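I have placed the structure first, in the form of C-alpha cells, so that the comments after it can refer back to it.
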Amino acid sequence: MRSLRVENASNPIGPLSDSLAKGEREVLSEKTFKRMIAIERKRTERSKEPFLLMLVEVGQNQDPKECGKVLDSMLSVLISSSRETDVIGWYKDRATLGVMFTGLLIADKSLILTTILSRVSAMLRDELTFDQFSQVSLSFHFFPDDWDQIASGGPSNAALYPDLKNPGSRRRSLLVVKRGIDLLGSALGLIVLSPVFLVIAIVIKLTSNGPVLFTQQRVGQYGRQFTLLKFRSMHIDSDHNVHREFVMKLIANQSDPDLGSGKGEPIYKLTNDRRITAFGQFLRRTSLDELPQIINVFKGDMSLVGPRPAIPYELAAYQTWHRRRILEAKPGVTGLWQVTGRSLVKFDDMVRLDLRYATSWSLWLDLKILLRTPLAVIKGAGAY
C-alpha cells in the first residue's frame, strides 16, 4: 500500500494516481463502504498509519435530476483525485460520497487537509457550475480521532463509527432479546437477593462510618458515562489517587505484578489496600460488593454479561485499539474476563478477552458465562 507522505509544502501528500475512468474504479455501496471504514479502523490500530475520511454531499433542495448529475460529476472528480489504494463509496446512498485516504504518514494534519481541500475544490470548480458548486459541502475526519475525555468519555467524531450505531437487522433483533433477558434477570435478582442486600447494608453501617453504597462515574458503550453502584468497601474520604496511579502503570504495562498473595500467582491489582475496611475485604473476595450493579442492569446502563466498565481517567492512557472494548459491547456485571482470570491477567490480555467477547458474542455465550460465574466467585481466583 502506498503511503500519503508529508514531504514538503509544495507536495505534502505525495503523488496521486493518474485519472481513471469511472468504470475502472469500484464505487462501494453504502453497506460495503461503512464496513470498510470499520476494517480500516482496525488496520490503523495495527499499522499506526492513520487515515482520512472525506465526505462530500450536495444540498437536497435541488431538482432530483440535477442532484443526480452533480453527484455523478463529483464522483468523477473523486476518482481522478484519489489513488488506487484509497477507497471510494457511498456514505449515504445517492446523497453523500466518501473517500478514505489510507496509509497516511502525517507530520502536519492541517497541511494534509489544506492540500486535499484545495485540490478537490479546484477540480470541483472546473467540473461544476457556480450554482452547483455552491451546494457542495466537504467535511474531513481523521482516525485515530480525539475523544471527548470530559463530557462523554467517548468518540467526539461519530462519522468514523457508522457501523457501530447501525448494526445489522439480525444483530439488532438479538440485542433486543439480550435486553429482555437483562430486564428479566435483573428484576428477579433484585427480588430474590433483597434479603442479602439488607444484611450487607446493615453490616456496612455497623462496621464503618459512611453511606452503604459507593457511586462512581464509569464509561459505558459508545463512551456514555453513567453512575455505577457498588456496596461501599472502603473507608470514607479515601485517597483515590493511589488507584489512579496504579491503573495508569497497569495500562502502560509498567506495573510489576504483586507476588505477595501467598498463592504463588502474579496479581495485577492493588492488594493489601489499607483503604479497604475489614468487611470490605470480605465483600471484594466474594464479589458481593458488585451486587448493586444489578440496578444498573435494570436501568439499561449495563448488561448482565459484558466487558468491565471503564473509569473515565483510564481513557487518557488507552491505546487506540483499547478503545474498542467500550465501543463494541455494553459493559456487564460479569464477563469473559471475570470468569477467565480477572486480576491474574495483564491489562492487554483483559482487553483481548473483551474484544473476543464482542466479536463472538451470542446469547449462548452469555448463558455459558453466566453459568460459569458462580464457580468463579466461589473459587475467588483473581478476586482481591
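In a fully extended conformation the segment linking Asn209 and Leu190 would gain 4.3 nm over its present Cα-Cα distance, using 0.36 nm per residue. Computed from backbone phi with θ = phi - 60° and the Karplus coefficients 6.51, -1.76 and 1.60, the 3J(HN,Hα) list for region 125-139 is 4, 5, 8, 10, 6, 4, 5, 5, 5, 5, 8, 8, 10, 10, 9 Hz; x is used for glycine and proline.
From the alpha carbon centroid of region 64-91 to that of region 161-181 is 31 Å. 3J(HN,Hα) along region 351-356, derived from phi through the Karplus expression 6.51 cos²θ - 1.76 cosθ + 1.60 where θ = phi - 60°, amounts to 4, 4, 5, 4, 5, 4 Hz, with x in place of Gly and Pro. Per-residue Karplus couplings for region 294-308, computed as 6.51 cos²θ - 1.76 cosθ + 1.60 with θ equal to phi - 60°, are listed in order as 4, 5, 4, 5, 4, 6, x, 6, 9, 10, 5, 10, x, x, 5 Hz, Gly and Pro entered as x. The magnitude of the dipole of region 168-379, with charges of +1 and -1 set on the Cβ of Lys/Arg and Asp/Glu and taken from the Cα centre, is near 580 debye. Residue exposure proxy: Lys178, Lys249, Lys346, ordered by other Cβ atoms within 10 angstrom of their Cβ from fewest to most, comes out as Lys249, Lys346, Lys178.
Out of Thr207, Tyr318, Leu371, whose Cα points farthest toward the positive end of the dipole of region 168-379 (charges: +1 Lys, Arg; -1 Asp, Glu; placed on Cβ)? Going by the Cα projections, it comes out as Leu371. Remark: the Asp108-Thr359 segment gains 86.9 nm on full extension, using 0.36 nm per residue and subtracting the alpha carbon distance.
Only the coordinates and a few stated rules stand behind these numbers; no lab work does. Please read these numbers as outputs of a predicted model, since none were measured by experiment. As a convention, Cβ positions derive from the backbone with ideal geometry for all residues, glycine included, and neighbour counts pool all protein chains shown.
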